[in-house]
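Colleague: Structure below; questions to follow.
A short reminder: the numbers here are calculations on the coordinates, not readings from a lab. Please read these numbers as outputs of a predicted model, since none were measured by experiment. Cβ sites come from the backbone with ideal geometry, for glycine too, and all protein chains shown count toward neighbours.
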Amino acid sequence: LERRSSSRVARPRPGLLRTPAMIKNGVTSHGSWSPEKRKRTVRVWCDGCYDMVHYGHSNQLRQARAMGDYLIVGVHTDEEVAKHKGPPVFTQEERYKMVRAIKWVDEVIEGAPYVTTLETLDKYNSDFCVHGDDITLTADGKDTYEEVKKMGRYRECKRTQGVSTTDLVGRMLLMTKAHHSNIEKNSDYQEHTDNFGKGPKGHSPWTGVSQFLQTSQKIIQFASGKEPQPNDTIIYVAGAFDLFHIGHVDFLESVYKLAERPYIIVGLHFDQEVNRYKGKNYPIMNVHERTLSVLACRYVSEVVIGAPYSVTADLLDHFKVDLVCHGKTEVMADKDASDPYAEPKRRNIFKSIHSGNDLTTDHIVQRIIKNRLQFEARNQKKEAKELAAIEAVKKRCDDQTRGIPDQKCSE
């Protein structure tokens, strides 16, 4: 009787693993599975274009990986992306490699179909697929996840607020510094945030621009949390790492291969410092956005936010740095005209690395500007489809409920 009236909540038994039926949109519920089924590997499927991969994509994959034990990511071909969305910024080979570099990804499937079917999930032994709480439509406006949703093999994760490929493209096209400036946003930037990619009937809630707000929790979620071990080789690299791209990945991979047990620390310069040595409207992404993008890379162990431009003796001693590396890009002098790598060179721990990839952030911006009209048309087309889908859902809900509120429809 005493135990029955106890207000204590029963705790799950140690060793209880997550299984597909125990997870609903990332929320765990306990079921009466046999010990054998509890031990089974839960395979999660994600797919997408993953064009101009940013921390929003990485956060989706992080959340998806947390729902299971093994994450498979299908990436669409250039042909499929062009058909349903418009011209991709990066080639399919570049996009495949970018996704492989995200630390929560276990396997990449090249040339995945644009529409996700039960056949695809079964082919790769996936229990369910995961997508953000926005909408993905085919060229003719159909939900690409309709089939798997109907069969209960679909899960949602939260979309990362404050970032979209649409907004990043807009920042490049606008060529102002307002997106990383502390001064009040100018009228040109305000007009961009109000109108970029805007369709004739207003804004889609998924394509529209919003402000990114960094939190300590988000950094903790992305960080590895691993301290360097006695036998690790601590390697320091520094830079802007703006629009974190395949050129950065190839460089970091080359650095990673220099040691048997590498521990790579990336020093990120503040926005004003990057603008000093790069000029124009750089950096495209502010330091908070760049921090998450770099932390998501599987080759990176730690990030120094707002690292000094010159690699000082204090920095080297504090982190016990064994090696300092820099790519083949030009090294700009510090404010006092000194070499920022003078100290590691004096200690004979500086190494210049050529990854074999000459792609820079400047090259990406040039790709965008060259195809400006195509990208603007792509954004407007995407937003128009999303708005049409929203209106269709509202109409269907109105027809079903005849004015009676319905929670599922309103969501």
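Colleague: Relative contact order for segment 43-157: what percent, with Cα pairs under 8 Å and sequence separation of 6 or more?
Modeller: 31 percent
Colleague: Shifting gears a bit: Per 0.36 nm of contour for each residue apart, how much would the distance between Ala223 and Asn348 grow if the chain were fully extended, relative to their Cα-Cα spacing?
Modeller: Length difference between fully extended and current span is 42.0 nm.
Colleague: Tell me the label-point distance for the pair Ala333, Ala313, using the 7 Å Cα-to-Cβ offset, in nm and rounded to one decimal.
Modeller: 2.3 nm
Colleague: From the cross-link list Lys257/Lys351; Lys123/Lys158; Lys97/Lys257; Lys103/Lys142; Lys103/Lys158; Lys278/Lys345, which pairs have alpha carbons spaced over 25 Å apart?
Modeller: Distance filter (> 25 Å) returns Lys123/Lys158; Lys103/Lys142.
Colleague: Just want to confirm a number: the relative contact order over segment 216-359, from Cα pairs under 8 angstrom separated by 6+ residues, in percent.
Modeller: Worked out over segment 216-359, it gives 30 percent.
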